[in-house]
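The values are calculated or read from the model by the stated rules, or taken from the named source; none is laboratory data. The structure presented is a predicted model; accordingly, all values stated were derived computationally and were not measured. Because the Cβ atoms are built from the backbone with ideal geometry, glycine has one as well, and the counts that use them run over all protein chains shown.
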């Protein structure tokens, strides 16, 4: 009996030491993150009077990560952050942070082509903004060096309200497109960057939604710029089927809070009572302010207990249904080619809604180049598909016609799988 107790006590001691160590690591990380954000706060605080119209640069600096105390090193170029002026659909001026990357190679006489990157869902807290995060280029590593090697400027908006006074209008295409276009305008205004007027937009997940909306609005927002192509990696585009299958799953907890904050900012009349559960109402502001991995973990735990964020399918609530329709991007004209990439193992942006997108946009006359990646999940997409995007972009900048995949059906049917 005594020997058994000794073993039990030893086992409990090991567990206790492990728990204390884990808590210490978490507390240390939180403290370090808070300190880093305090160091960055002055840069991201806008002046009381903004210095110019959308696309005006407020300030720039090398892309230093406070936790490391060093500038982010990128192969083939130099990394910077900037704060720039953007605006909302109603004309309200705001500011956004961004990163930009300048190639080491000399600029051509006409200026360097620009790739505008639109990031996916990260959460709405200041430390979640890519340019303020501890790993700012983690989503870009698979393709950024190749882009810089080809002499392209890369600019990556945070979106207004993410890391700057907000809130962020998450999944509001009219706002996302303005933030993307104004980031291109801003980087063009920096003399030593030598960015030209030609650009493509490329985004993942939420950023794919942003990319497609940029394609829709580019000619109205920026007739002075030439958009040569739109790239969407696992885009959250066909919102109705995505919401219809994810509203009562763990993804509802991970994505729902940001969508609620973003959409009610855009349309304050959107009803929450009866649409969100009581737990959703009590927690959506807190969860939206967390970075996505934390909110996703909590969402999984709540979902495993049978709890949902939404009380009903939002598509069954007329005001929400109308907004879902309004925020779903519509097919682009044939002369603005689209590169669509989707993994068949994606359990966030499920494959079949983007099979719908491919078929419906092709039927509407869009030029779609589709890349379907067998067994690739959602978080893997920038790494798995990003390198394949580079030659497609190069051909667009070279003025070559884009190949079409419209005569090749997607490998998954454009409908939900049978239960």
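Given the criteria under 22 Å from residue 122 (Cβ atoms) and without any contact (Cβ under 8 Å) to a residue 24 or more places away in the chain, does residue 345 qualify? In short, no. Can you tell me which residue is nearest to residue 299 (Cα to Cα) among those in the stretch 134-149 that are part of a loop (DSSP other than H, G, I, E, B) and touching a helix residue (DSSP H, G or I) at 6+ places or on another chain (Cβ under 6 Å)? Checked the stretch 134-149; the qualifying residue nearest to residue 299 (Cα to Cα) is 139. Taken over the stretch 175-190, the residue count meeting the criterion of being more than 10 Å from residue 210 (Cβ to Cβ) and out of contact with any helix residue (DSSP H, G or I) (no Cβ under 7 Å at 6 or more places or on another chain) is 8. State yes or no: is residue 292 at negative phi and either out of contact with any strand residue (DSSP E or B) (no Cβ under 9 Å at 6 or more places or on another chain) or outside the structural domain of residue 244 (by TED's automatic domain parsing) (or both)? The answer is no for residue 292.
If you go through the stretch 226-270 and keep only what is in contact (Cβ under 8 Å) with a residue 12 or more places away in the chain, part of a loop (DSSP other than H, G, I, E, B) and either buried (at least 20 other Cβ atoms within 10 Å of the Cβ) or out of contact with any strand residue (DSSP E or B) (no Cβ under 8 Å at 6 or more places or on another chain) (or both), you end up with 234, 235, 236, 237, 238, 247, 249, 267, 269, 270. Can you find a residue that is surrounded by 24 or more Cβ atoms within 10 Å (Cβ to Cβ) and in the same structural domain as residue 62 (by TED's automatic domain parsing) anywhere in the stretch 216-224? Looking for residues that are surrounded by 24 or more Cβ atoms within 10 Å (Cβ to Cβ) and in the same structural domain as residue 62 (by TED's automatic domain parsing), one finds none in the stretch 216-224, hence no. Scanning the stretch 271-296 for residues that are in contact with a helix residue (DSSP H, G or I) (Cβ under 9 Å, 6 or more places away or on another chain), crowded, with 17+ Cβ neighbours inside 10 Å and free of Cβ contacts under 8 Å to residues at least 60 places away in the same chain yields 275, 276, 280, 283, 284, 287, 296. A count restricted to the stretch 193-215 and to residues that are touching a helix residue (DSSP H, G or I) at 6+ places or on another chain (Cβ under 7 Å) and assigned to a helix (DSSP H, G or I) stands at 5. Of the set (1) over 19 Å from residue 326 (Cβ atoms); (2) in contact with a helix residue (DSSP H, G or I) (Cβ under 9 Å, 6 or more places away or on another chain), all apply to residue 219 but (2). Per the listing 363, 389, the residue uniquely assigned by TED's automatic domain parsing to the domain that holds residue 137, under 20 Å from the mean Cα position of the chain (by Cα) and at pLDDT 95 or above is 389. Any chance the stretch 311-319 includes a residue that's in contact (Cβ under 8 Å) with a residue 24 or more places away in the chain, in the same structural domain as residue 212 (by TED's automatic domain parsing) and in contact with a helix residue (DSSP H, G or I) (Cβ under 7 Å, 6 or more places away or on another chain)? Checking the stretch 311-319: not a single residue is in contact (Cβ under 8 Å) with a residue 24 or more places away in the chain, in the same structural domain as residue 212 (by TED's automatic domain parsing) and in contact with a helix residue (DSSP H, G or I) (Cβ under 7 Å, 6 or more places away or on another chain). Checked against (1) modelled with pLDDT of 95 or more; (2) not in a loop (DSSP other than H, G, I, E, B), residue 127 passes all but a single condition, namely (1).
Looking only at the stretch 162-192, residues that are in a loop (DSSP other than H, G, I, E, B) and closer than 16 Å to residue 120 by Cβ come to 7 in all.
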